[in-house]
1. Taking the conditions exactly as written (of a type outside the set (Val, Ile, Thr), away from ligand 2 (no atom under 16 Å from the Cβ) and not in a loop (DSSP other than H, G, I, E, B)), does Leu15 satisfy them or not?
2. In the range 143-177, how many are in a helix (DSSP H, G or I) and of a type in the set (Gly, Ala, Ser)?
3. Give me the pairs, please: first residue somewhere in the range 75-93 and under 13 Å from Gly134 (Cα atoms) and modelled with pLDDT under 95, second residue anywhere and surrounded by fewer than 18 Cβ atoms within 10 Å (Cβ to Cβ) and not small (Gly, Ala, Ser), beta-carbon distance under 6 Å, and either six or more positions apart or on two chains.
4. Working carefully through the options Ser187, Ser159, find the one that is over 11 Å from the mean Cα position of the chain (by Cα), closer than 21 Å to Ser83 by Cβ and at pLDDT 95 or above.
5. Which of the residues belonging to the range 242-273 are away from ligand 1 (no atom under 16 Å from the Cβ) and over 20 Å from Gly326 (Cα atoms)?
6. For Leu352, are the conditions met, namely being surrounded by fewer than 18 Cβ atoms within 10 Å (Cβ to Cβ) and at pLDDT 95 or above?
7. Which one of Ile181, Ile213, Ile206 is within 16 Å of ligand 1 (Cβ to nearest atom) and touching a Phe, Trp or Tyr at 6+ places or on another chain (Cβ under 7 Å)?
Amino acid sequence: MTYLLDLGSTKVSCLAATVSEAGDVLACAAASVPCRGLSRGVIQNLDATADAIREAIARVRAIASQDAPTEVVVNVSGSHVESMNAQGFVPIYPSGRTIAREDLLHVVNHSRQIVSEPDRTQILAMPREYRVDGVRGVTNPLGFSGTRLEVITHILTGSMAHIQNVENAVQMAGYKVAQVIAQPIASGYGVATQSDRELGCAVVDIGGGSTSICVFQGGAPAYSVVLPVGGSHVTSDLSKLLKTAPDEAERLKTEYGYAIAREAESLGSVEVHQIGQQVPRHLERRVLCEIIESRMKELAIMVRQEIESSGLHGLLPGGVILTGGGSELNCTSDLFDLTMKHMLVRSGRPRLKGPASNTANRPEWAGAAGMMNYLTDAQIDPIEPAQDGSNWKRKLMGLKSMFTAKAGA
Ligand SMILES: Nc1ncnc2c1ncn2[C@@H]1O[C@H](COP(=O)(O)OP(=O)(O)OP(=O)(O)O)[C@@H](O)[C@H]1O
Ligand SMILES: [Mg+2]
């Protein structure tokens, strides 16, 4: 049984999952606990986060009737997570011999020898494409003869301090971190199928305090980013402008909100309970939705600009797939559709099997479900850190590389 923890800006979710003999990912137990320990995807309060982790794992253990796990897989989010594509090459000696697994390790390690700021570390290095003697698009070079092996690797980096805090929170809750997975990668694998990934698509996870984007091309991630804006910003706009408590703003948003205000044109008014007022005020629903639309439109434009800056927006026949709790706002995919120009937009959610699938297949579970999909789907192999790592860096088994080429298989 694998325990996957999604540390979100509004809640901590825990999923216990396993893989059936047929290779399906089974959601065995799932529970989430509200948590105010993170802001915009980054831990701000260790105690609150550790408490929520402890509680979420305890609930899942109770549902699954399992002993306590020693290790958990956990996500890392926040706008400090950045991606790049790096190239590496190695000569093959003697010239023309067949390429072996060690050559793949060497070439990926070579691509990871990039200079980064001292306070950052690599979270992931994933080969996207190999080239053998200049022949492009090789997915599995094992057994090829050649004189020169090249690779293009998708590398994610993050702030060492923020990643360390994730580990600290998990340790304070009484568990060890088995692996750290970056949020965009988790959500990407949570909702994009293998054919979506091969076609080319962008997965956009609209959370509470952040929105992660993972653009896939040729089956592998090519661009990953986390924006520090999510559904909580919509709630906070409503709370400020309508002078309501945050809970009331959240209720108004989830019960009456639309991302496109004109859809609420003829829907009458809603009662708004303002702070310090005994009598609720009547507000046209269209006005409520105008506040929502303006923030959601700003988010959609930011997402479009990010996808455009990846340079891959013309290469995404699989379209834009929206997920995360924030995407459950009515008309969100219509608004994104209007904003994304020539890209198709649809909603996506995990598609796990098993007893807890009803819970785990909701959009806000994309991250937790995706971590399990990623671990099972991908062939993952440990490689040594590119830079000389301290102990904790080595322990963070996020410093692993995925061999899409099924190296060693
Ligand atoms: N039905 C709904 N309509 C509108 N918004 C919704 C709905 N359901 C959930 N949300 C919003 O989804 C957001 C929470 O989403 P999610 O659980 O994916 O975030 P998170 O994982 O806690 O945060 P993050 O990923 O940003 O760290 C909240 O802002 C909440 O208001
Ligand atoms: Mg989230």
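1. Taking the combined requirement at face value, the residue does not satisfy it.
2. So the first thing to find is which residues in the range 143-177 are in a helix (DSSP H, G or I), and the list is 160-172.
This time we only want the ones that are of a type in the set (Gly, Ala, Ser), so: 161, 169.
Within the range 143-177, residues that are in a helix (DSSP H, G or I) and of a type in the set (Gly, Ala, Ser) number 2.
3. none
4. Values: Ser187 fails: over 11 Å from the mean Cα position of the chain (by Cα).
After ruling out the rest, the residue left standing is Ser159.
5. To start, the set of residues in the range 242-273 that are away from ligand 1 (no atom under 16 Å from the Cβ) comprises 243, 262, 265-266, 268-269, 271-273.
If the condition is that a residue be away from ligand 1 (no atom under 16 Å from the Cβ) and over 20 Å from Gly326 (Cα atoms), then Lys243, Glu265, Ser266, Gly268, Ser269, Glu271, Val272, His273 are the ones that fit.
6. On the way: surrounded by fewer than 18 Cβ atoms within 10 Å (Cβ to Cβ): no; at pLDDT 95 or above: yes.
Spelling it out, it is not the case that Leu352 is surrounded by fewer than 18 Cβ atoms within 10 Å (Cβ to Cβ) and at pLDDT 95 or above.
7. Working: Ile213 fails: touching a Phe, Trp or Tyr at 6+ places or on another chain (Cβ under 7 Å); Ile206 fails: touching a Phe, Trp or Tyr at 6+ places or on another chain (Cβ under 7 Å).
Every option except Ile181 fails the conditions.
The values are calculated or read from the model by the stated rules, or taken from the named source; none is laboratory data. As the structure is a prediction and not an experimental result, all values here were calculated from the model. Note: ideal-geometry Cβ built from the backbone for every residue, glycine included; neighbour counts use all protein chains shown.
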